[in-house]
Amino acid sequence: MRYVFGIIVFICTLSSCSEYQKVLKSEDIALKFKTGDSLFQEGKYEKANRIFQQIVPKYKGKPQAQKLMYLYSKSFYEMKDYYVSGYQFERFVSSYPKSEKKEEAAFLSAKSYYMLSPRYSKDQKETRDAIEKLQEFINLYPNSQYVAEANTLVKELDFKLEKKAFEIAKQYDHISDYKASIRSFDNFIFEFPGSVLREDALFYRFDAAYELAINSIELKRTAEGVVRLKKNRLEQAKEYFNVFKKAYANSKYIAEAEEMAATIDIELETYSAKS
């Protein structure tokens, strides 16, 4: 019985494939539309897409074109071809501004860009593009049923940019390029004032300033004269500590930070004794 059942399934599959090939070769665009629609509803998006590609140009200007273009765009989305789906949904929105599917198409276009956003460690051009597209959607459709999801996606993408900037600054600290680390953390703190990584950023900025100061040379000759380089850097590091402690007095880093600050105070006392 299993053998017979297997043969029946095999024959049905062959028959189905044969029918599909006949439709692909047919000149009947109405049959192609109907078959493509049925395949789409069954979740066979690649097969539906192949048929839609054949008939899209032939339906231009016809009443069915709007539905066809929506299904065609959505088939790319379901196939995870987000570059094309983003573009096709944008075309749909501009071509059919009065369509009842316009809002959904605009959202799926923006979401296609979101799906192209890479992990934070890679270049984030697609992430910035996605944020821009999603924000445009939110601005155009503030009462849309998709706004809540769009806001969630923007928040996720924003964090990815924050994480990227934070890790770059932290990497400078890791390789002992403390000047670059301090600059990067300064930029991070300015650009992302509400970041959940702000506590870490303030601490690591202080940590970089501390290492730079402790390992600094005493004096540096400049065009303006001799600068007490180490003293200046110690004072700057202490300022960074004060900013950190004021914002996060109960931080998980506070014990370590206070120990470092105490070392700075001891170093600075030697300058007071000399003067």
Just one listed residue, out of 148, 130, is in a helix (DSSP H, G or I), over 30 Å from residue 250 (Cα atoms) and without any contact (Cβ under 8 Å) to a residue 12 or more places away in the chain, and it is 148
Within the range 75-118, restricting to residues that are touching a residue at least 24 places away in the same chain (Cβ under 8 Å) and among the basic types (Lys, Arg), the one that is nearest to residue 149 (Cα to Cα) is 111
Being in the same structural domain as residue 147 (by the TED database) and either surrounded by 13 or more Cβ atoms within 10 Å (Cβ to Cβ) or in contact (Cβ under 8 Å) with a residue 24 or more places away in the chain (or both): is that true of residue 46 here?
no
Take the conditions within 15 Å of the chain's Cα centre (by Cα) and either without any contact (Cβ under 8 Å) to a residue 24 or more places away in the chain or not assigned by the TED database to the domain that holds residue 254 (or both) and apply them to residue 190. Does it pass?
no
Q: For residue 87, indicate whether it is among the hydroxyl-bearing types (Ser, Thr, Tyr), open to solvent by 50 Å² or more (accessible area, probe 1.4 Å) and out of contact with any strand residue (DSSP E or B) (no Cβ under 9 Å at 6 or more places or on another chain).
A: yes
When restricted to 80, 98, the only residue on the phi > 0 side of the Ramachandran plot and open to solvent by 70 Å² or more (accessible area, probe 1.4 Å) is 80
Report task. Determine whether residue 83 is touching a helix residue (DSSP H, G or I) at 6+ places or on another chain (Cβ under 7 Å), part of a helix (DSSP H, G or I) and among the hydroxyl-bearing types (Ser, Thr, Tyr). Result -> no
Scanning the range 124-154 residue by residue, the ones that are over 21 Å from residue 84 (Cβ atoms) and out of contact with any Leu (no Cβ under 9 Å at 6 or more places or on another chain) total 13
Q. Taking the stated definitions as given, is residue 84 under 21 Å from the mean Cα position of the chain (by Cα) and outside the structural domain of residue 53 (by the TED database)?
A. yes
For the range 1-43, the count of residues that are of a type in the set (Gly, Ala, Ser), assigned to a helix (DSSP H, G or I) and either surrounded by 15 or more Cβ atoms within 10 Å (Cβ to Cβ) or at pLDDT 90 or above (or both) equals 3
Do the conditions hold for residue 95, that is, is it of a type in the set (Gly, Ala, Ser), under 19 Å from residue 43 (Cα atoms) and either within 21 Å of the chain's Cα centre (by Cα) or modelled with pLDDT of 95 or more (or both)?
no
Checking 126, 167 in turn, the sole residue that is touching a Pro at 6+ places or on another chain (Cβ under 7 Å) and of a type outside the set (Gly, Ala, Ser) turns out to be 126
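The values are calculated or read from the model by the stated rules, or taken from the named source; none is laboratory data. On a predicted model such as this, the values are computed, not experimentally measured, just so you know. Here the Cβ is made from the backbone with ideal geometry for all residues, glycine too, and neighbour counts use every protein chain on show. Side chains are part of the model used for accessible areas, which takes the heavy atoms of the whole protein and leaves out ligands, DNA and RNA. Shrake-Rupley method; radii C 1.70, N 1.55, O 1.52, S 1.80 Å.
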